[in-house]
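Here's the structure we're looking at; comments come further down.
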Amino acid sequence: MALYEGIALIQEKQAVVLDLGTDYTKFGFTGEAAPRCIVRSEFWCAATRRYRRVHDYQTADELYDNLVHMLHLLYFRHVLVNPKERKVVVVESLLTPTLFRETLAKVLFTHYEVSGVVWADSPRLCALTLGTPVALIVSIGAKEAEVAAVVHSCVVLHAMESQPLGAHAIHAELRRLLDEDNDATLDLPDLVIEDIKVKTCFVGSRSRAQQWEAARAARDVQFACGERGRLRVSGATRERAAEVLFARDNELASLPDIVLQCIMRCPIDARRALAENVLVTGGTASLPGLRARLAQELRHLVTRPPYASRLHVREFKFHGAPAQDSAAAWLGGALLGAGEAGAARATPRDVYARARRLRDWRERLMADFSTVPEWDHMAAVLTCYVAYNNR
């Protein structure tokens with residue numbers, strides 16, 4: 001055996017980073033600047049002779065089969081590695097259902113027999129890529145928009161906000177507007193709607209959004225749609241499709257509102273730093289004009305009730321992600337897995353075999369601090385501090 005082959009057998013191989021999103025999955029190796037592949041979260045189902053989405057399931061058994069097929073596609077078609085030889089860094093949301101987490105762990109440990117898995121939450125991974133102690137992560141995913149505050153590598157759990165203001169909400173509004181433009185029920189597939197959104201739609205400024213009813217803010221375009229011919233996409237449709245993110249109601253559930261509510265629930269001494277370190281991630285973050293419009297809405301709403309009397313912040317600054325907007329959390333997972341601390345946090349296969357379950361994030365945080373001798377006193381002080389900030 002050659003010398004370099006012996007060294008290769010001794011050294012531990014690079015771990016893989018898995019970000020299994022609702023619409024798209026990012027997969028690659030730790031220590032790299034970008035994923036090896038960004039593919040749709042679907043696979044070819046031989047039984048039904050059609051593509052099936054991973055998140056389309058009714059029972060745990062269906063989810064198990066979906067994950068087995070999806071991971072087989074990733075391991076053996078896109079990166080061509082043996083899953084037994086490499087650890088896995090799983091990037092997930094703090095709001096991931098317990099059934100999905102435990103089923104994914106079962107597939108990784110029992111079916112593919114990986115040696116270890118690191119479970120990492122996306123807000124802290126996104127903040128890791130910035131190198132700042134305080135960051136406000138606004139993640140606009142496929143179904144939901146989540147806002148989380150990261151203060152010194154800790155997520156302020158009671159301040160997290162989430163609303164169904166993701167890419168699917170924009171797609172539904174765009175589908176309705178296209179039907180109005182063409183005076184017919186087009187019933188376009190999701191891929192066509194997404195293609196139209198990416199190629200034609202943008203987010204206008206706040207002043208232009210108030211004027212679109214009086215005059216068109218953008219010119220009309222003709223979009224080629226295969227057998228359907230050319231579709232008319234009006235200028236108003238191009239701007240109004242993303243207005244669903246900023247539409248306010250009596251519940252104050254718009255995207256700017258949940259950002260301000262998250263900051264308002266955080267400790268007072270961290271609010272200004274959070275407002276000056278905002279990172280917008282997710283595929284929808286690439287929509288032209290989104291950050292500028294969000295900044296305008298935040299500066300306007302913070303001077304109105306109920307925020308003017310409780311939130312004394314007037315300046316908002318945004319970071320640019322060091323990777324693609326949709327892969328910021330994946331990049332944080334690649335950085336985490338490349339260091340020694342990431343490998344130390346991995347759950348070995350033998351440990352999982354004894355317990356057969358995963359602790360949720362709340363249990364994990366409580367377990368980390370419950371061993372401190374002054375824990376009872378710290379918990380009492382923290383309870384009073386949270387009550388003071390939320391008064």
Checklist entry - Can you name every residue in region 41-55 that is part of a strand (DSSP E or B), of a type outside the set (D, E, K, R) and open to solvent by 90 Å² or more (accessible area, probe 1.4 Å)? => result W44, Y51
Next on the checklist: I'd like to verify a number: residues in region 152-179 that are free of Cβ contacts under 8 Å to residues at least 24 places away in the same chain and either part of a loop (DSSP other than H, G, I, E, B) or open to solvent by 70 Å² or more (accessible area, probe 1.4 Å) (or both), how many?
Outcome noted: 3
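Condition check ((1) modelled with pLDDT of 95 or more; (2) at positive phi; (3) in a helix (DSSP H, G or I)) across all residues:
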{"site": "P256", "(1), (2), (3)": "yes, no, yes"}
{"site": "H312", "(1), (2), (3)": "no, no, no"}
{"site": "P322", "(1), (2), (3)": "no, no, no"}
{"site": "S326", "(1), (2), (3)": "no, no, yes"}
{"site": "G333", "(1), (2), (3)": "no, no, yes"}
Checklist entry - Which ones in region 248-300 are buried (at least 19 other Cβ atoms within 10 Å of the Cβ), small (G, A, S) and within 19 Å of S122 (Cβ to Cβ)? => result G282, G283, A285
Checklist outcome for this item: From the option list I137, I193, single residue qualifying as closer than 17 Å to S234 by Cβ and not in a loop (DSSP other than H, G, I, E, B) is I193
Next on the checklist: For the structure I just gave you, tell me whether V203 is assigned to a loop (DSSP other than H, G, I, E, B) and touching a residue at least 60 places away in the same chain (Cβ under 8 Å).
Outcome noted: yes
Checklist entry - Are there any pairs with C-beta distances below 6 angstrom linking a residue in region 115-133 that is outside any loop (DSSP other than H, G, I, E, B) to a residue that is open to solvent by 40 Å² or more (accessible area, probe 1.4 Å), with the two at least 6 apart or on different chains, and if so which? => result G116/K87; G116/P348; V118/R345; L128/L335; T129/P322; L130/H319
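Does A105 satisfy being assigned to a helix (DSSP H, G or I), open to solvent by less than 30 Å² (accessible area, probe 1.4 Å), closer than 19 Å to A323 by Cα and out of contact with any Lys or Arg (no Cβ under 7 Å at 6 or more places or on another chain)?
Numbers: assigned to a helix (DSSP H, G or I): yes; open to solvent by less than 30 Å² (accessible area, probe 1.4 Å): yes; closer than 19 Å to A323 by Cα: no; out of contact with any Lys or Arg (no Cβ under 7 Å at 6 or more places or on another chain): yes.
No: the conditions fail for A105.
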Checklist entry - Can you tell me which residue in region 214-231 is modelled with the lowest pLDDT, limited to those that are open to solvent by 70 Å² or more (accessible area, probe 1.4 Å) and in contact with a strand residue (DSSP E or B) (Cβ under 7 Å, 6 or more places away or on another chain)? => result Q222
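Looking at V147, V90 in this structure, which one is open to solvent by less than 10 Å² (accessible area, probe 1.4 Å) and under 21 Å from T347 (Cα atoms)? Please lay out each step first, then the result.
Values: V147 fails: under 21 Å from T347 (Cα atoms).
Only one candidate passes the filter, namely V90.
The values are calculated or read from the model by the stated rules, or taken from the named source; none is laboratory data. The structure displayed is predicted, hence computed values, not measured ones. Note that each Cβ is placed from the backbone with ideal geometry, even for glycine, and that neighbours are counted across all protein chains shown. Ligands, DNA and RNA are excluded from the accessible area calculation, which covers all protein heavy atoms including side chains. Shrake-Rupley method; radii C 1.70, N 1.55, O 1.52, S 1.80 Å.
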